[in-house]
1. Where residues in the stretch 3-45 are among the charged types (D, E, K, R) and outside any loop (DSSP other than H, G, I, E, B), which of them is nearest to ALA142 (Cα to Cα)?
2. Sort out which residues of the stretch 166-204 are surrounded by 21 or more Cβ atoms within 10 Å (Cβ to Cβ) and outside any helix (DSSP H, G or I), and write them in order of number.
3. Is it the case that some residue within the stretch 115-133 is within 18 Å of MET1 (Cα to Cα) and surrounded by fewer than 15 Cβ atoms within 10 Å (Cβ to Cβ)?
4. List pairs: first residue in the stretch 23-47 and in the same structural domain as GLU80 (by TED's automatic domain parsing), second residue small (Gly, Ala, Ser) and assigned to a loop (DSSP other than H, G, I, E, B) anywhere in the structure, Cβ distance under 7 angstrom, at least six positions apart or on different chains.
5. Mind telling me which of the residues MET1, MET49, MET54 ends up being surrounded by 21 or more Cβ atoms within 10 Å (Cβ to Cβ) and over 17 Å from ILE94 (Cβ atoms)?
6. I'd like the residue in the stretch 68-87 that is in contact with a strand residue (DSSP E or B) (Cβ under 8 Å, 6 or more places away or on another chain) and free of Cβ contacts under 8 Å to residues at least 40 places away in the same chain and, out of all such residues, is surrounded by the fewest Cβ atoms within 10 Å (Cβ to Cβ).
7. Determine if the stretch 94-102 includes at least one residue that is crowded, with 21+ Cβ neighbours inside 10 Å, assigned by TED's automatic domain parsing to the domain that holds ASP162, under 30 Å from GLU183 (Cα atoms) and among the aliphatic types (A, V, I, L, M).
8. With (1) under 18 Å from the mean Cα position of the chain (by Cα); (2) among the small types (Gly, Ala, Ser); (3) part of a helix (DSSP H, G or I) as the list, and SER217 as the residue in question, which single condition is left unmet?
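The values are calculated or read from the model by the stated rules, or taken from the named source; none is laboratory data. Only a predicted model underlies this, so the values are computations on that prediction, with no experimental measurement involved. All Cβ positions, even for glycine, are placed from backbone atoms using ideal geometry, and neighbour counts span all protein chains on display.
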Amino acid sequence: MTTLVFGHKSPDTDSTGSPILWAWYLNEIKGVEAEPVLLGEPNTEAAFMLTRWMLDKPEIISDVADDQPCVVVDTNNPAELPANINGADVREIIDHHKLVGGLETRGPIDITIRPLACTATIMIDKIGNDYSKMPDDMKGAALTCILSDTLEFRSPTTTDHDREVAEKLAADLGISIPDYAAEMFAAKSDVSAFSDAELIRMDSKEYEVSGTKFRVSVLETTAPATVLDRKDSLMASMADVAKEDGVDQVLLFVVDILNEEATLLVPNDLVKTVAKKSFGADASGDTVVLPGVMSRKKQIIPNLAV
């Protein structure tokens, strides 16, 4: 049976590119029949990556069957995975997030979780000497993932090793990192075709803090004004999204990649309290700027308080 390789729901660039990379490795190097799949529509930057490197868009699946062999990448959180993930046959996990717990497997499996900024960096390490066999499209996917997750090395999650791997990939491809990252971020910033609800869910994860359930959404952009110009309608949509998704509140952070800051939309007193207790920020209006905040994983989630 074909092994399915997938990342988390609301797939970003890493959760789109890393399954493609690892499926290539399993097929071409390990001789294991594998297929990359997605758990949702890829975001605009991930779509740019697919087009730029002429990669087929993986099939989007809604669930996995009992005993389906699979490899989970870029997450280990059951809430971000198919509903029947514990009925499937999970054979490997490759991730760079904190260990959440809750996954069950048929037996002992290979688990690689490392404190790096990107899953693709870990995969390049695991591929090892077989790196020489990687075609340009796989190198391009890996480079895109690393530059996305590190925000071109601006994110505090960036390690020296992420940078070294990205620079090697770029050199092998003959690509200028600043020029290519600018293309990526331009694609990520073009959100004009998306509804408010789609924007809120585009790059979001659910977290519970002291009994309060949040959908924590991040929009990374080089043109924050294009998003903030829609803040009234976005805040109006937050309540609907929260109700539909079964959470108490949506938190929406608009991350300004170039100025290295985030703007939190503040629709009510609960979010005003979150801003104060989590970031020491006093919100006098319907937005509050958080200087230096770039990473949901390292700066937002660990600090959330109500």
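1. Kept after step one, since they are among the charged types (D, E, K, R), are these residues of the stretch 3-45: 9, 12, 14, 28, 30, 33, 35, 41, 45.
Applying the additional criterion that residues be outside any loop (DSSP other than H, G, I, E, B) yields 14, 28, 35, 45.
Numbers: ASP14: 8, GLU28: 16, GLU35: 17, GLU45: 13 Å.
This residue is ASP14.
2. ASP203, SER204, listed by residue number.
3. Within the stretch 115-133 (the criterion being within 18 Å of MET1 (Cα to Cα) and surrounded by fewer than 15 Cβ atoms within 10 Å (Cβ to Cβ)), the answer is no, since none of the residues qualifies.
4. GLY40/SER10
5. On the way: MET1 fails: surrounded by 21 or more Cβ atoms within 10 Å (Cβ to Cβ); MET54 fails: surrounded by 21 or more Cβ atoms within 10 Å (Cβ to Cβ).
The conditions single out MET49.
6. ILE85
7. In the first step, residues of the stretch 94-102 are kept if they are crowded, with 21+ Cβ neighbours inside 10 Å; the result is 94-96.
Those still in the list that are assigned by TED's automatic domain parsing to the domain that holds ASP162 too: 94-96.
Going one step further and asking which of them are under 30 Å from GLU183 (Cα atoms), we end up with 94-96.
Still in the list and also among the aliphatic types (A, V, I, L, M): 94.
Scanning the stretch 94-102 turns up at least one residue that is crowded, with 21+ Cβ neighbours inside 10 Å, assigned by TED's automatic domain parsing to the domain that holds ASP162, under 30 Å from GLU183 (Cα atoms) and among the aliphatic types (A, V, I, L, M).
8. (3)
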